[in-house]
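Only one structure is covered here, and it is reproduced in the block below.
The values are calculated or read from the model by the stated rules, or taken from the named source; none is laboratory data. Treat the numbers as computed from the prediction; the structure is a model and nothing was measured. Cβ coordinates were reconstructed from backbone atoms using ideal geometry, including for glycine residues, and neighbour counts include every protein chain displayed.
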Amino acid sequence: MDALFIYVSNKLEEIKYGPQDGKSKIINLKEMKSFAFWRAVIAEFLATMLFVFLGVASTLGGSGEAKEVKIGLTFGLAIMAMIQVTGHVSGAHINPAVSIAMAVAMKISIVKALLYVVAQCAGGIIGAYILRGCVDGIFHNNLGVTNISNVVTPAQGFGIELLLTFILVSVIFGTTDGNRPAFGSPALLIGLTVALGHFSCIKLTGSSMNPARSLASAVVSDAFENHWIYWVGPIVGGVLAAVIYVLVLNPYRGVKSTEEALKDMIQDEDFIVIPRDYFKDGKMKQAQNVSSNL
């Protein structure tokens with residue numbers, strides 16, 4: 001009876017919020033029939049629109065190191081804010097490289113990843129156009145366009161964007177792992193990583209780490225020089241981070257998830273599988289206290 005209650009509760013939660021398990025089907029067309037799916041896509045659109053508007057606005061006017069610090073902090077704070085707003089709705093990817101990495105890690109389906117990427121790109125472009133309409137015409141030809149500096153070759157720029165995004169996506173996987181003990185706020189850590197990427201390499205490549213962000217500025221400013229770097233670099237870096245985290249860094253590889261353990265328990269009443277998060281949050285200690293009082 002307890003197993004049935006847990007099963008029904010999980011199904012109700014899935015209907016309300018979408019699939020909550022650690023792995024998604026590679027192609028899952030059924031999820032497109034749920035409101036939760038389209039709500040998540042809309043959330044990605046809105047979050048990327050606001051992220052681009054806020055971040056690109058910080059690139060206008062000023063010069064020198066003070067401007068670079070302002071840009072880094074703004075992008076970092078903007079991503080933190082958007083994660084807080086939409087993290088529980090869509091996962092707050094706000095970045096095609098992150099969505100593709102999540103699909104590679106089987107955290108989301110390919111269908112969801114593709115629609116996320118479309119929503120992110122569309123949201124970013126609209127955010128940039130909104131900013132264009134809010135500022136003087138003298139800024140219209142360079143609304144935060146990312147390009148490599150004169151001292152960096154295209155190959156070096158590709159490598160820089162790859163490494164920056166590799167670090168960012170690694171932090172995302174590490175801080176959002178459901179089996180990880182709670183060590184601080186994921187939104188804060190991800191935001192600080194975005195800011196760190198800007199502080200370290202903004203003079204070299206503009207520190208995009210986000211194809212949708214670079215696409216938005218390129219479209220609204222009609223400036224596509226070396227634009228491929230800001231797609232290929234982040235996507236390759238994100239995919240590498242996903243593969244390495246899943247195959248090398250994940251300490252729970254091969255261990256049953258809570259949902260898998262519950263399914264086994266439901267199917268075989270004579271065999272009890274202890275889910276891996278049973279020992280978290282003092283659950284084992286509570287069980288010991290109860291048994292000692294019997």
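Brief remarks follow.
- Region 26-44, residues that are within 27 Å of ALA81 (Cβ to Cβ) and of a type in the set (A, V, I, L, M): ALA36, ALA40, VAL41, ILE42, ALA43
- In region 77-95, the residues that are among the small types (Gly, Ala, Ser), surrounded by 19 or more Cβ atoms within 10 Å (Cβ to Cβ) and touching a Phe, Trp or Tyr at 6+ places or on another chain (Cβ under 9 Å): ALA78, SER90, GLY91
- From the list PHE199, PHE139, PHE158, the one residue that fits, being out of contact with any helix residue (DSSP H, G or I) (no Cβ under 7 Å at 6 or more places or on another chain), hydrophobic (A, V, I, L, M, F, W, C), more than 22 Å from ALA113 (Cα to Cα) and in contact (Cβ under 8 Å) with a residue 24 or more places away in the chain, is PHE139.
- Subset of region 102-116 (residues that are in a helix (DSSP H, G or I) and in contact with a His (Cβ under 9 Å, 6 or more places away or on another chain)): MET102, ALA113, TYR116
Condition check ((1) among the small types (Gly, Ala, Ser); (2) more than 16 Å from the chain's Cα centre (by Cα); (3) surrounded by fewer than 23 Cβ atoms within 10 Å (Cβ to Cβ); (4) at pLDDT 95 or above) across all residues:
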| residue | (1), (2), (3), (4) |
| --- | --- |
| PRO181 | no, yes, yes, no |
| THR193 | no, no, yes, yes |
| HIS198 | no, yes, no, yes |
| LEU204 | no, yes, yes, yes |
| SER208 | yes, no, no, yes |
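- Options ALA223, ALA128, ALA187: the member that is buried (at least 21 other Cβ atoms within 10 Å of the Cβ) and either in contact with a strand residue (DSSP E or B) (Cβ under 9 Å, 6 or more places away or on another chain) or in contact (Cβ under 8 Å) with a residue 60 or more places away in the chain (or both): ALA128
- Flag if ASN210 is touching a helix residue (DSSP H, G or I) at 6+ places or on another chain (Cβ under 7 Å), under 22 Å from GLY87 (Cβ atoms) and not aromatic (Phe, Trp, Tyr): yes
- So ALA218, is it within 17 Å of MET49 (Cβ to Cβ), in contact (Cβ under 8 Å) with a residue 40 or more places away in the chain and either not β-branched (Val, Ile, Thr) or not in a helix (DSSP H, G or I) (or both): yes
- Annotation: of all residues in region 122-151 being among the hydrophobic types (A, V, I, L, M, F, W, C) and over 13 Å from VAL52 (Cα atoms), the one that is farthest from the chain's Cα centre (by Cα) is ILE138.
- Residue within region 87-94 that is over 25 Å from PHE199 (Cβ atoms), out of contact with any strand residue (DSSP E or B) (no Cβ under 8 Å at 6 or more places or on another chain), of a type outside the set (Phe, Trp, Tyr) and in a loop (DSSP other than H, G, I, E, B) present: yes
- Of the listed requirements (1) within 26 Å of THR193 (Cβ to Cβ); (2) at pLDDT 95 or above, ARG39 misses just one: (1).
- Subset tally (residues that are surrounded by fewer than 17 Cβ atoms within 10 Å (Cβ to Cβ), in a loop (DSSP other than H, G, I, E, B) and not aliphatic (A, V, I, L, M)) for region 144-179: 6
- Qualifying positions in region 180-208 - under 16 Å from LEU162 (Cβ atoms) and either charged (D, E, K, R) or assigned to a loop (DSSP other than H, G, I, E, B) (or both): GLY206, SER207, SER208
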